[in-house]
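What follows draws every value from the coordinates through simple rules; no lab data is involved. In this text, all values refer to a predicted model and were calculated from it rather than measured experimentally. With ideal geometry, Cβ positions are generated from the backbone for all residues, glycine too; neighbour counts draw on all protein chains shown.
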């Protein structure tokens, strides 16, 4: 996964590094990672991916094969490549804890390092933080919509590759999902696994009732049967019959849940619940799946559908209506001097910053983006996590991150929790010191032209 | 990348395999991979990812660590795990060549293998084909929009993880992009690399003119300068001055291109072109970037903007408005008997199928999905690529795939090439034999109930 993969970067990071090397520019640079603006369907984001950034930075190293490939490009000098082969990440990182809720403009992560190092890591750091923040922020919406019903990640097949599948499972779990179907994610991150059955299993048998019986025998004591391959009502009756037969011969009912994956889910769930309850299968749960997004789940629950859990695939795994965030990693200081950029629509705030969040009665009321040495009201959201290339604390357990995110949900103002598109009105201000610094730098720059 | 990663699968693939094992079901199953319906903004897809599927199937093998982890789950029997540790993929695959244009309902890939093998591979095969087909299909739209201008993939930072970044670069290249900025993709797939410079490089210097001079010296003989950090017109004048100075002392101009990444791109490109041309820099190219999608590029070119190349990031790397396809992998035959499923909205056509494409005067006129042994008009799109677990031919070079895709673009009817949302009206029919088979199976199933 985050095995050192140093050439997973943009070419310009290396050509700029060559130029810095030639010029002898080795002073510390400070870069901040933040999201410029939120998509219309996001009122808040959940920061995620920091653990993978730490692993990447600790392991960063160019192997001889990497250097040899770069040599073949004919763009790099031998002294620079020799320097590159010795390069390790020696800088510091401050970051929001994973699972922290955050807003547009707020630095999620700050890197301070010699400019070659700080620049080189940009592409992969963004790539890692972007992916998990995209997915955790989408997952939060599902969790808010599901009102305590269990959510299971079914998205591996449509996630964008291997890392996306594994990190989506992780990001969804830390944001409040209960389980994943992706076995490798269970193994790697200790996420509870959950699985049901596929239509093909039913179709491979002479008939559905036989398929149900075989699957239950094989997977005793409890399993989930998929009941929408041919006719949901008939399948629900078959489940009842199967459970009765098993109980009559002294076995457990053998069926923990049924899954409905197509059709009018509300209607079918009501019918299935009725048939199961009438047949003494009140304990058999109902899982709904099939192209579900968070609005669909919200509507189903508002209509009072009898459901115990949701399987969520594509909409989560690619964050379907907002698969990307306008996330940037920008220089704010070099060699002790604050920096800014004035590109239209992409101007940045200069200087090393901190985010302060104010809370009243256990609910957030506002955030303030201030210079690091200011002390406005509120608690600090960015904490030092790496110093001179080494972590300052042990990595938090995923369960701990998940608990932190649950706490964030509880402290979120109602207007931030709402799924409706539009602004929450939550106040994120930029301190007057930051504004004054930007004005001062602008004037200096204008004077130089 | 596609290193054997056997637990990157859904849990139910393994629990179904356990059940098949217990029941002694080992006959051949035939699964077809297809896209049910296209997103509103796709009139056609480009099949991609087959090479990675081949690598995955050839390497598939459960290691002792994998088996040990599965044992800890307490869901699998010792005899089944022993069988799993010996499992290799021994089946056959027929597929459309990568780069082939295809439509909803058409099988892109068909797997024939003992049911445990054919079922187990579902999740990862979908994951691999889905990702690259999503990106190649989006890339095609950029290529059609760009009317011969060069397109460069800048998307790594916002692609969903490592594999997504590398396979997006590959998929975009095979669909007609010229280059990628992702170094590892250049190394791994032989894609030409292209890179410019970032705003941070400019900001790290005392002033922009100094930054330009240093970058050009370092990267002689030719490089791309980013001119929108502060003021585009002033930066364009600085480029002219720099080129003149260099020419006066007998060096090359040193600047191959300028990049504009923000603001009103059409307006700024016209201004920059004017300044460059007036200053004797007619040979300096203009690259535009900054949140570009294919419609934006189409509009820019319709307005006659002076541009030589486009850098494309997010919109390509996550296929922004259609990051997922409704792609499925469905059982169509087991133990020699055709199968179907009747789930509402998700019914499947039974039997082993082939796609036949008819051409008139070098342009496609219609496709027909028929049973494998039918012989309707047209040429076959699915070819055998693997038999008893081994490839039947050497993997095609990426350049060859790219040439095949270019040919597809040339043979595409005008209504399919259009970027407008909506149907192309292109006819994809299902043969009467397939329909008759479905009716026959439906009747058989009804008789059994």
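Numerical summary
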{"item": "Kirkwood estimate for region B:90-213, i.e. one over the average of 1/r between Cα atoms, Å", "result": "16.9"}
{"item": "Gap separating the Cα centres of region B:35-58 and region A:310-341, nearest whole Å", "result": "27"}
{"item": "Alpha carbon centroid spacing (whole Å) that separates region A:144-202 from region B:381-432", "result": "32"}
{"item": "Quarter of the Cα convex hull surface for region B:138-317, i.e. its orientation-mean projected area (nm²)", "result": "10.0"}
{"item": "Cα Rg over Rh - the protein assembly as shown, Kirkwood", "result": "0.98"}
{"item": "Three semi-axes of the equivalent ellipsoid, chain B, Cα gyration tensor, whole Å, largest first", "result": "49, 26, 17"}
{"item": "Rg over Rh [alpha-carbon atoms, Kirkwood Rh] for region A:358-411", "result": "1.03"}
{"item": "Share antiparallel - DSSP beta bridges, chain A, percent rounded to 5", "result": "65"}
{"item": "Footprinting exposure proxy for B:12, B:167 (fewest neighbouring C-beta atoms within 10 Å first)", "result": "B:12, B:167"}
{"item": "Exam field: residue B:347 pseudo-label spacings to other copies (7 Å along Cα-Cβ), nanometres", "result": "6.1"}
{"item": "Region A:105-146 - convex hull of the alpha-carbon atoms, volume per residue in Å³", "result": "70"}
{"item": "Region B:261-407: mean projected area of Cα convex hull, nm²", "result": "15.1"}
{"item": "Under the Debye formula (equal points on every Cα, no solvent term), log10 I(q)/I(0) of region B:8-129 at q = 0.10, 0.13, 0.18 Å⁻¹", "result": "-0.36, -0.57, -0.95"}
{"item": "7 Å along Cα→Cβ, label-point gaps from residue A:421 to other copies, nm, shortest first", "result": "1.1"}
{"item": "Percentage, to the nearest whole number, of Cα pairs in region A:223-277 over 18 Å apart", "result": "28"}
{"item": "Of A:310, A:212, A:177, the one that fluctuates the most in a GNM where chain A has Cα springs shorter than 10 Å", "result": "A:212"}
{"item": "7 Å along Cα→Cβ, label-point gaps from residue A:403 to other copies, nm, shortest first", "result": "6.2"}
{"item": "Average beta-carbon neighbours from other chains, 10 Å sphere, peptide A:287-295", "result": "1"}
{"item": "Residue of B:75, B:375, B:158 that the Gaussian network model of chain B assigns the largest fluctuation, springs spanning Cα pairs under 10 Å", "result": "B:75"}
{"item": "Which of B:196, B:418, A:393, A:314 has the fewest Cβ neighbours within 10 Å, and the rest in rising order", "result": "A:393, B:418, A:314, B:196"}
{"item": "Chain B: most fluctuating residue of B:208, B:83, B:184 per GNM, C-alpha cutoff 10 Å", "result": "B:83"}
{"item": "Debye-sum result for region A:196-288 in log10 I(q)/I(0), which assumes one identical scatterer on each alpha carbon, at q = 0.12 Å⁻¹", "result": "-0.30"}
{"item": "Pairwise label distance in nanometres, residue A:23 with residue A:384, each label 7 Å out on the Cα-Cβ vector", "result": "2.9"}
{"item": "Burial ordering of B:258, B:392, fewest other beta-carbon atoms within 10 Å first", "result": "B:392, B:258"}
